[in-house]
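Notes follow the structure.
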Amino acid sequence: MNDLQQRLGGVHERLRRAAWGEAEELLRDLFRDHPNNVTVLYLLGVVARAENRPEEALHPLERALAIEPRNTNAWLMYAGCLSAAGRSEQAVAACEAAVGVDPEDAGVCRQAADIFLQNSAKTAALRCYQGALDGEPDAPFLEARTGRLLAETGAVADGLARAEKAAARAPAAPDVQADYARALIVSGRFDDAERVLDRARAAAPDDRDLLHIHAKTLRQLQRLDEAERTLRKLVAIDPRDAAAYRGLGMVELNRGNIALAIDAFGRAATLQPRDSVAESNANMALLYDDRATPRDVADAHRAWARRHADRYAAAAPPFANPPDPDRRLKVGLVSADLRTHSVTYFLEPLLEAHDGAAIEITCFDSGTGGDETTRRLQALADGWHNIAGAADAEIVELIRGLGIDVLVDLSGRTVGNRALVFAARAAPVQIAYLGYPATTGLTTMDYRLTDAVADPPGATEAWHSETLLRLEPCFLCYRPRADAPPIAPPAMAAAGSPTFGSFNNTMKLSETTIALWSAVLGAVPAARLVVKFGFLKAPEVRRSLIARFADHGIDAERLDLRAGGDEPRTHLAAYGDIDIALDPTPYNGTTTTCEALWMGVPVLTVAGAAHVSRVGASILTAAGLPELVCRDGPDLARRAAELAAAPERLAELRRTMRERLDRSPLTAGPGFARRFEGAVRTAWRAWCTRAED
C-alpha cells in the first residue's frame with residue numbers, strides 16, 4: 001500500500017465515524033501533496049456537503065470533473081450540492097450530465113432521480129426512476145414513485161394504478177404509502193389519501209414526508225385546525241422546515257388571516273432564501289391585504305423578480321423568429337388551469353373564435369390533471385403540450401424550438417405558475433393576461449392586457465413592470481356554462497325581505513369588506529347576507545367570520561354561511577337565494593361576478609385604485625350596468641338600500657339580465673378574439689421594428 005492509499009484509508013475511517021473535521025484536515029494535507037487527485041477532490045466535496053457547506057463543496061468537485069469528466073459519483077455529488085445551495089437549474093443540468101455518462105446504470109439513475117425530483121424536474125425524475133425500475137423490477141418503492149410521478153405529469157389513471165399496486169405489496173413502507181397518497185391527491189381522492197396516511201403514520205408517526213402530505217390533505221378537506229397541528233408538529237421536529245411554514249401560510253390564507261399568512265410565507269423565505277415559492281406566495285397574499293397599497297404590491301413583485309428571476313434573462317440567446325410584421329403568428333398560452341376553472345370561462349371564447357389564418361394558438365398545460373373542459377380546449381387549440389413535470393429549462397427549449405412568437409402567461413403567481421420560463425425569455429414577445437390581477441414584476445414580461453376601466457390611462461402604469469395594452473371596451477370575455485339552470489324568481493318574494501350575498505373565496509373577505517358589507521346590512525335592517533365558499537366548512541372559519549361581523553354590530557342570525565364545493569349546476573342555482581350580490585375589496589370577484597349576472601343577480605362593487613379592485617367595475621361597465629359601480633362605502637350602502645327597496649327594478653334586472661349580457665361585449669367571443677389578435681399584432685410589430693434596427 002503506497003502513502004496515498006494509506007492516508008486515504010485514514011480519511012475513510014474518519015468518514016465512517018462522521019468525524020468530518022478530522023477527515024477534512026487530513027484531506028487538506030493530501031490536497032497540498034496531490035492537488036489533482038480526483039478522489040481527494042471528491043472527498044473534499046463530500047465533507048463540505050456533510051457539514052452543510054454546499055457552496056464550498058462546488059470548487060473541488062468542479063476541479064475533479066475538469067480532470068475526470070465521466071466520473072458519475074462526482075457529477076451526482078456536484079448536483080446534490082447545487083441543489084442544496086438552491087441552484088436548481090444547474091443541479092438539473094449536472095444530473096443530466098451524470099445520467100448521460102452511463103444511462104444504463106440503475107444506481108446512477110436512482111440517485112439522479114432523487115435530485116431531479118428535489119428540483120421539480122418531474123419528467124426527468126420519472127425517466128430515471130423508470131430506468132432504475134428496469135434494473136430492480138421488484139422494488140415497491142420504485143414502482144410507487146413511478147406511479148406517483150406518472151400521475152403528477154398527466155397520466156393519472158395509469159400512475160394511480162401502479163402506485164396502488166406497489167402500496168399493496170409494501171403496506172409497512174412509509175415512503176411507498178406516501179407516494180400512493182400523493183397519487184390519490186392528484187386524483188382528487190382526498191378521503192382515500194387520508195385513510196392511507198392514517199395507516200402509514202400509525203407505524204411511522206414522526207415521518208416528515210407523511211406529515212407534510214397529511215397536512216396538505218387535511219387542508220384540501222377543509223380541516224384547517226388539524227392541518228395546522230400537523231404543520232406545528234413538523235416545525236417542532238425541525239424549526240428550519242421552510243415547507244412547513246409555507247403550509248402554515250396556506251392554512252392562514254384559507255382562514256382569511258392574511259397578515260398571518262404573509263408572516264408565515266416570510267418566515268419560509270427567510271429560512272430558504274433561494275426558494276422562489278414562499279416569496280411568490282407572499283406576493284399573491286398581498287393582493288388580499290387591505291393594508292397594502294398598490295405601490296406596496298408593485299414593489300414586492302419587482303423585488304421577487306430581482307431576487308429570483310432577473311438572472312435568467314442575461315443568458316437568453318437571440319431569436320431566429322422571422323421579424324415579418326404581417327405573417328401568421330405562433331401564440332403560446334401557458335397555464336396550470338386548463339380544466340374546469342375560473343380561467344377557462346374566459347379562455348374558451350378566445351380559443352373557439354380565434355382566426356386560425358392570423359394566429360396559431362398552442363397551449364402549454366402545467367396542470368396535473370385534466371377533465372372534460374381540458375378535452376374541449378384541446379379540440380379548439382392548434383397545438384397542446386403537457387409541461388406539468390418538465391423543468392423550466394426544458395420548457396424554454398420546447399417553446400423556442402416550436403418558434404413561438406408571442407407567449408402569454410395566464411397564471412401570474414398562482415399555483416403551478418411558470419414565471420421562471422418567462423424570466424428566461426422563452427419567446428420574443430411575452431404578455432401577462434387573465435389569471436392574475438397585478439404586475440408580474442418581471443423585466444422580461446413586455447405587456448399586460450387590460451382595459452381603460454380596470455386600468456385608467458395614466459393612473460396605474462407606475463405599478464406595472466409591463467407596458468399596458470388595453471382591449472376596449474373590456475379585457476374579459478365570459479363563456480357562461482351551457483348547463484346553467486334557468487333564472488329563479490326574485491329571492492325576496494319567498495323570503496319576505498331582501499337578501500344580499502357573495503360566493504367569493506373567503507380569503508377575499510378583508511376587514512374593509514366586512515366593514516362595507518356590515519354598513520350595507522345596517523342600511524337595510526331587514527336584510528340577510530348569504531356567504532358561500534368551500535372553506536366555510538371549517539368551523540373556525542365560520543366562527544371567525546361571525547365574530548368579525550359581530551365587531552360591526554351584525555348578529556349571527558343575519559348571516560347564512562354555506563360551504564361550497566357542490567357541483568356546478570347546484571352552485572349556480574344557489575344564486576336564486578340572493579337578490580343583490582356584493583363584490584369584495586381589495587380583491588374583486590371575476591367569475592363570481594359574471595356568474596351572478598348570468599343568474600339574474602345584480603352586483604354592487606366599489607371601484608378601487610388598482611386593477612385588482614377595479615375588475616368589478618370593468619365587468620359591470622361592459623355589461624351596461626355602470627350604475628352598479630360605487631364610489632365608496634357610503635355610496636355602496638346608499639345604492640344597496642335603494643335597490644333593496646325597489647323590488648320591481650330587481651325583478652326587471654333578473655328577467656332581462658341574460659338578454660342584456662348576450663348583447664354586451666362581455667360575452668361576444670368573435671369580437672373579443674379580434675381585439676386580442678389586434679393587441680398581439682401590435683406587440684409583435686413593435687418587436688419587429690426593434691429587431692430590424
Of all the residues that make up segment 109-126, how many are without any contact (Cβ under 8 Å) to a residue 60 or more places away in the chain and either open to solvent by 50 Å² or more (accessible area, probe 1.4 Å) or among the small types (Gly, Ala, Ser) (or both)? 6
Is segment 591-598 home to any residue that is of a type in the set (Gly, Ala, Ser), open to solvent by less than 20 Å² (accessible area, probe 1.4 Å) and at negative phi? yes
Would you mind stating whether VAL251 is modelled with pLDDT under 95 and not hydroxyl-bearing (Ser, Thr, Tyr)? no
How do the pairs read when you match residues in segment 167-193 that are free of Cβ contacts under 8 Å to residues at least 40 places away in the same chain with residues anywhere that are open to solvent by 60 Å² or more (accessible area, probe 1.4 Å), using Cβ under 6 Å and keeping only pairs 6 or more apart or on different chains? ALA172/ALA203; PHE190/GLN220
Residues to consider are LEU197, LEU231; find the one that is under 21 Å from ALA151 (Cβ atoms) and either open to solvent by 60 Å² or more (accessible area, probe 1.4 Å) or assigned to a helix (DSSP H, G or I) (or both). LEU197
So which residues in segment 251-294 are among the β-branched types (Val, Ile, Thr), under 16 Å from ASP241 (Cβ atoms) and open to solvent by 30 Å² or more (accessible area, probe 1.4 Å), if there are any at all? THR270, VAL277
What helices (runs of 4 or more DSSP H) completely inside segment 592-676 contain at least 1 residues that are over 30 Å from GLY458 (Cα atoms)? 633-644, 647-663
Quick one: how many residues across segment 203-222 are of a type in the set (D, E, K, R), under 23 Å from the mean Cα position of the chain (by Cα) and surrounded by fewer than 19 Cβ atoms within 10 Å (Cβ to Cβ)? 1
Output yes when any residue across segment 406-423 is of a type outside the set (A, V, I, L, M, F, W, C) and more than 30 Å from GLY247 (Cα to Cα), and no when none is. no
For segment 677-693, give me the residue count where each residue is over 22 Å from GLU472 (Cα atoms) and either at pLDDT 95 or above or assigned to a helix (DSSP H, G or I) (or both). 6
Among the residues that make up segment 181-188, is at least one of them surrounded by fewer than 17 Cβ atoms within 10 Å (Cβ to Cβ) and closer than 20 Å to LEU117 by Cα? no
So is ARG569 within 21 Å of VAL520 (Cα to Cα), assigned to a helix (DSSP H, G or I) and either in contact (Cβ under 8 Å) with a residue 40 or more places away in the chain or touching a Cys at 6+ places or on another chain (Cβ under 9 Å) (or both) or not? no
Within segment 449-471, can one find any residue that is open to solvent by less than 10 Å² (accessible area, probe 1.4 Å) and either closer than 25 Å to MET250 by Cα or not in a loop (DSSP other than H, G, I, E, B) (or both)? yes
Can you pull out the residues in segment 551-566 that are open to solvent by less than 50 Å² (accessible area, probe 1.4 Å), in contact (Cβ under 8 Å) with a residue 12 or more places away in the chain and closer than 23 Å to GLN222 by Cα? LEU559, ASP560, LEU561, ALA563, GLY564
Criterion first (touching a residue at least 40 places away in the same chain (Cβ under 8 Å), assigned to a helix (DSSP H, G or I) and buried (at least 17 other Cβ atoms within 10 Å of the Cβ)) does ALA151 satisfy it? yes
When both residues are 6+ apart or on different chains and their Cβ atoms are under 7 Å apart, which pairs have a first residue that lies in segment 325-348 and is under 12 Å from LEU476 (Cα atoms), and a second that is assigned to a strand (DSSP E or B) and not basic (Lys, Arg)? VAL343/SER335
Can you tell me which residues in segment 60-74 are assigned to a helix (DSSP H, G or I) and charged (D, E, K, R)? GLU62, ARG63
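For every residue, the table says whether it meets (1) open to solvent by less than 70 Å² (accessible area, probe 1.4 Å); (2) in contact with a helix residue (DSSP H, G or I) (Cβ under 7 Å, 6 or more places away or on another chain); (3) in a helix (DSSP H, G or I); (4) closer than 25 Å to SER276 by Cβ.
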position: ARG28; (1), (2), (3), (4): no, no, yes, no
position: VAL40; (1), (2), (3), (4): yes, yes, yes, no
position: VAL46; (1), (2), (3), (4): yes, yes, yes, no
position: ASN52; (1), (2), (3), (4): no, no, no, yes
position: LEU58; (1), (2), (3), (4): yes, yes, yes, yes
position: LEU76; (1), (2), (3), (4): yes, yes, yes, yes
position: VAL92; (1), (2), (3), (4): yes, yes, yes, yes
position: GLY107; (1), (2), (3), (4): yes, no, yes, no
Residues of segment 632-658 being open to solvent by 40 Å² or more (accessible area, probe 1.4 Å), over 14 Å from ALA596 (Cα atoms) and among the charged types (D, E, K, R), in sequence order, are ASP632, ARG638, ARG639, GLU642, GLU648, ARG649, GLU652
Can you work out which of the residues in segment 601-615 that are under 17 Å from THR667 (Cβ atoms) and buried (at least 24 other Cβ atoms within 10 Å of the Cβ) is nearest to the chain's Cα centre (by Cα)? VAL615
Log entry, pairs with first residue in segment 603-627 being on the phi > 0 side of the Ramachandran plot, second being outside any helix (DSSP H, G or I), beta carbons closer than 6 Å, six or more apart or on different chains, reads GLY624/SER664
List the residue pairs whose Cβ atoms are under 6 Å apart, where the first residue sits in segment 371-391 and is farther than 23 Å from GLY403 by Cβ, the second is open to solvent by less than 20 Å² (accessible area, probe 1.4 Å), and the two are 6 or more positions apart or on different chains. THR373/THR344; THR374/LEU338
Of (1) touching a Leu at 6+ places or on another chain (Cβ under 8 Å); (2) without any contact (Cβ under 8 Å) to a residue 24 or more places away in the chain, THR656 satisfies all except one. Which? (1)
Which pairs turn up if I take residues in segment 439-458 that are free of Cβ contacts under 8 Å to residues at least 40 places away in the same chain and over 16 Å from LEU407 (Cα atoms) and look for partners that are surrounded by fewer than 24 Cβ atoms within 10 Å (Cβ to Cβ) and among the acidic types (Asp, Glu) with beta carbon separation below 9 Å, at least 6 apart in sequence or on another chain? ALA452/GLU472
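The values are calculated or read from the model by the stated rules, or taken from the named source; none is laboratory data. Computed from a prediction, not measured in an experiment: that's the story for all the values here. Heads up, the Cβs are rebuilt from the backbone with ideal geometry, glycines too, and the neighbour counts pull from every protein chain shown. SASA here: full protein model, heavy atoms, side chains in, ligands and nucleic acids out. Shrake-Rupley method; radii C 1.70, N 1.55, O 1.52, S 1.80 Å.
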